Amino acid sequence: MRVAFVTPVVILALAAGALAPSCTAGGGAGGRDPAQVRAATPVERLRVEVVGTLPHDPGAFTQGLEMARGALYESTGVSGRSTIGWGPPGAAPTRRARLPAPLFGEGITVVGRTLWQLTWRDGVAIERDARTLAELRRVPYDGEGWGVCHQPRRGRLVTSDGSARLVFRDPGTLGRKGSVVVTLGGRRVDRLNELECVGDLVYANVWPTDRIVRIDARTGRVTGEISANGLIGAAERRHADALNGIAAVPGTDQFLLTGKWWPTTFRVRFVPAPHTSGAARRSP
């Protein structure tokens, strides 16, 4: 189960729609183009509030992270070292499978009793048994594989390829079902990487930064920007790579965040950011 959030931005937008005057010959919204109105809608600025920490394998080049069936699934990359595993959060994997070289593991998502694991530039995606991680089949995959998440109510997967475009795919065949370009204030947001679906919202890491964007998948519009600055310190940064792992914790308003070669997984909430700082903060 995924938790859908109703943000202040959505509440304000609904209230504005209820109070708006009827359309005239000059057009709605006072004659303004609807696209301009959407672009002008304020974007919620958020930061991460750390509510707990868990150990994370510092040798894991994290490419995909997802909570399902009470377990944490993680996909790692690097040709010849790529893996997929699941187990209790913060513990060694209960099950693990390795990808043969030269496959480079990327994003993952659970779909019922199976899961999909993308590969980067290998032209295939791997369907696996979600419990045993046994490979069931390989399916041709067009373009680069980066992130993937599942929107069960819409019957589709959402995938990224490092550009500003999210592609919707059939969860059984991976065939394309459409796409949307992600924009913030009318400008494209490129380098979308690991994804997490929560209802109609998609959370995306923006590679190679500590920034996460919250996207309305119906329109592609960014409705929230989340700063994850300060999660790991300068000393850890010398041995770590980019933030690249986001998993919603079912039944809560919390997420698990980690990164490539990070020694820690953080359990966080996304809360309004003060105007003076976007740094992560620990709960009291």
Seminar exercise, completed: Expected single match for modelled with pLDDT of 95 or more, over 21 Å from residue 149 (Cβ atoms) and of a type outside the set (Val, Ile, Thr) among 284, 272, 208 is 272
Seminar exercise, completed: Among 98, 165, the single one that is surrounded by fewer than 19 Cβ atoms within 10 Å (Cβ to Cβ) and within 23 Å of residue 188 (Cα to Cα) is 165
For this session: Could you tell me which numbered condition residue 231 fails, if it satisfies all but one of (1) crowded, with 20+ Cβ neighbours inside 10 Å; (2) free of Cβ contacts under 8 Å to residues at least 40 places away in the same chain; (3) more than 12 Å from the chain's Cα centre (by Cα)?
Result: (2)
Problem set entry | residue 156 under 21 Å from residue 113 (Cβ atoms), surrounded by 15 or more Cβ atoms within 10 Å (Cβ to Cβ), touching a Pro at 6+ places or on another chain (Cβ under 9 Å) and not aliphatic (A, V, I, L, M) | yes
Seminar exercise, completed: Within the range 78-106, the residues that are among the small types (Gly, Ala, Ser), part of a loop (DSSP other than H, G, I, E, B), free of Cβ contacts under 8 Å to residues at least 60 places away in the same chain and within 23 Å of residue 53 (Cα to Cα) are 91, 92
Exercise. Considering only the range 178-195, how many residues are touching a residue at least 40 places away in the same chain (Cβ under 8 Å) and over 15 Å from residue 218 (Cα atoms)?
Worked result: 6
Exercise. Any idea which of (1) crowded, with 19+ Cβ neighbours inside 10 Å; (2) modelled with pLDDT under 95; (3) of a type in the set (Lys, Arg) is the one residue 47 doesn't satisfy?
Worked result: (2)
Seminar exercise, completed: The number of residues in the range 139-166 that are within 22 Å of residue 76 (Cα to Cα) and not acidic (Asp, Glu) is 17
Exercise. If only one of 200, 170, 161 is closer than 27 Å to residue 101 by Cβ and out of contact with any His (no Cβ under 9 Å at 6 or more places or on another chain), which one is it?
Worked result: 161
For this session: Give just the number: which of (1) in contact (Cβ under 8 Å) with a residue 60 or more places away in the chain; (2) of a type outside the set (S, T, N, Q); (3) touching a Gly at 6+ places or on another chain (Cβ under 8 Å); (4) over 30 Å from residue 139 (Cα atoms) does residue 239 not satisfy?
Result: (3)
Problem set entry | Among (1) within 17 Å of residue 111 (Cα to Cα); (2) surrounded by fewer than 22 Cβ atoms within 10 Å (Cβ to Cβ); (3) in contact with a Phe, Trp or Tyr (Cβ under 6 Å, 6 or more places away or on another chain) - the single one residue 178 does not satisfy | (1)
Exercise. From 190, 210, which residue is among the charged types (D, E, K, R) and within 24 Å of residue 116 (Cβ to Cβ)?
Worked result: 190
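Condition check ((1) among the small types (Gly, Ala, Ser); (2) over 22 Å from residue 245 (Cβ atoms); (3) in contact with a Ser or Thr (Cβ under 8 Å, 6 or more places away or on another chain)) across all residues:
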| position | (1), (2), (3) |
| --- | --- |
| 118 | no, no, yes |
| 134 | yes, yes, no |
| 165 | no, no, yes |
| 188 | no, yes, no |
| 195 | no, no, yes |
Problem set entry | Test: residue in the range 189-197 that is polar (S, T, N, Q), surrounded by 23 or more Cβ atoms within 10 Å (Cβ to Cβ) and in a strand (DSSP E or B) | yes
Problem set entry | Check on residue 172, part of a loop (DSSP other than H, G, I, E, B) and surrounded by 16 or more Cβ atoms within 10 Å (Cβ to Cβ) | no
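The values are calculated or read from the model by the stated rules, or taken from the named source; none is laboratory data. Given the structure is predicted, the values throughout are model-derived calculations rather than measurements. When we count neighbours, we look across all protein chains shown, and the Cβ atoms used for this are built from the backbone with ideal geometry, even at glycine.
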